[in-house]
Every structure is written in C-alpha cells, then in structure tokens.
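Heads up, the thing below is written out as structure tokens.
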Amino acid sequence: MKTRSTTILTVRHKGHVALGGDGQVTLGSAIMKGDALKIRRLMEGRVITGFAGSSADAFALLERFEAKLKDYPSNMPRAATELAKDWRTDRVLRRLEALLAVVDARHTLLVTGTGDVIQPTDGVLGIGSGGNYAVAAARALVAHASLTAEQIVRQSLEIAAGIDVYTNESITVEVLECAT
C-alpha cells in the first residue's frame, strides 16, 4: 500500500514563526489515525520540526537531525545541510521517504533526501499533499495585519483540510519568537 502525506506549514509573520501540521495518517485509502503529532520541538525548544511522508522514515530522520543539531548547536542551517548530505549519500538513508520543515528564531528550511536545503524568500513553506493549498492560503492571509503567525498557520491548514483528502482538521501549531 502507498503511504500518503500530510500537510505541514510554517509562516514567519510579525516577529514570530509558527509551524503547524494536521494529524491524519493515511495508508492507501484508509485513515489509520486522526490525531498523530507531526510537529516536534528540539534543542530545548529552540528548533521546531514538522515532517511529511512515511512516519517511520521521518522519525529516523528526526533522530539524525537532532544529532546534527548537537554537533552544530548554534548553527541550524549547518546541521540541516549535514543531514541533507548524509541523506543523499548514505545507502540506507537514501531510501527514506519523507520531507522535513525546520525552523528556529532566524531560519526556515526545507530539507530533502535529494540534498536540498531551501530557505523560502517570504518565510512561508508548506510540505505534504496539502502543502501547496496551505501555502496559497497563507500567502493570502499574510496580507491581513491583524492576524498572528499562529492564526495564519491554523486557518491555512483548515483551508487545506477542506481541499486535500489526506489532511484533516486535527491541527497542532508551535510558535517561536523570531530573532531581531
């Protein structure tokens, strides 16, 4: 059976970065779980990660990413780059099917198994099957100065859940204050 993704979204807005995701785990055409937690805080809460793809693969990558963060505690982009290099070149890691969105007070990064470490220009990043829907909604909502980063992420994920069958409305959002 094919494993379907989820929706993870991060937004930098008004001095904060929020990263959120839905809780649906789907195997083939069946919903296996509706309240999975796909958002994790690392490094004593200073880094937030979200994953899309195979859960077991994502957990393996999160463990490796946390080890890289310990090697480079004040340099999250370097830790992400080192993980991406290992992921691309290691025979076992190359087979892992997941994507990671990672944020700290200064950076928003997408980390992939093809060796990519990408920082979006506008601070909006979405991954998973509903990622593009959530990004479109977030970009529209950022124009509303009255909304917080957390509100934008939550509302955008709710919009994605209304469109993408692999995304539900069991939403978890974590927030960090941005560096000045």
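Taken together, the values in this text are just the output of simple stated rules run on the coordinates, not laboratory data. The shown structure was predicted, so the numbers you read here are calculated from the model rather than taken from an experiment. As a convention, Cβ positions derive from the backbone with ideal geometry for all residues, glycine included, and neighbour counts pool all protein chains shown.
Couple of notes before you dig in:
- With the Kirkwood sum run over all distinct C-alpha pairs, the range 25-132 has a hydrodynamic radius of 14.2 Å.
- Most tightly packed first, judged by the mean number of other beta-carbon atoms within 10 Å of their residues, the peptides 53-64, 79-90, 8-19, 153-164 read 8-19, 153-164, 79-90, 53-64.
- In angstrom, the C-alpha Rg and Dmax of the range 11-62 are 13.0, 40.
- Rg/Rh for the range 48-107, where both radii come from Cα atoms and Rh is the Kirkwood radius: 0.95
- Residues in the range 17-26 carry Karplus couplings, in order, of 10, 10, 10, x, x, 8, x, 7, 10, 10 Hz; the curve used is 6.51 cos²θ - 1.76 cosθ + 1.60 with θ = phi - 60°, and Gly or Pro positions show x.
- Mean separation of Cα contacts under 8 Å (6+ apart) over length of the chain, as relative contact order %: 33 percent
- In this structure, the amide hydrogen of LYS33, modeled 1.01 Å from its nitrogen in the peptide plane, lies closer than 5 angstrom to those of VAL25, counting only residues at least 5 positions away or on a different chain.
- For LYS85, the aspartates and glutamates whose Cα comes closer than 18 Å to its Cα, not counting residues fewer than 8 places off in the same chain, are ASP57, GLU63, GLU66, ASP71, GLU97, ASP116.
- Taking the Cα centre of the chain as reference, the dipole from Cβ charges on Lys and Arg (+1) and Asp and Glu (-1) amounts to some 340 debye.
- Label positions at THR112 and ALA145, each projected 7 Å from the Cα along the C-beta direction, are separated by 3.6 nm.
- Residue-by-residue Karplus 3J(HN,Hα) for the range 28-41, coefficients 6.51, -1.76, 1.60, Hz, glycine and proline x: x, 9, 10, 7, 8, 7, x, 10, 5, 9, 10, 10, 9, 9
- Ordering HIS107, HIS144 by the number of other Cβ atoms within 10 Å of each residue's own Cβ, fewest first, gives HIS144, HIS107.
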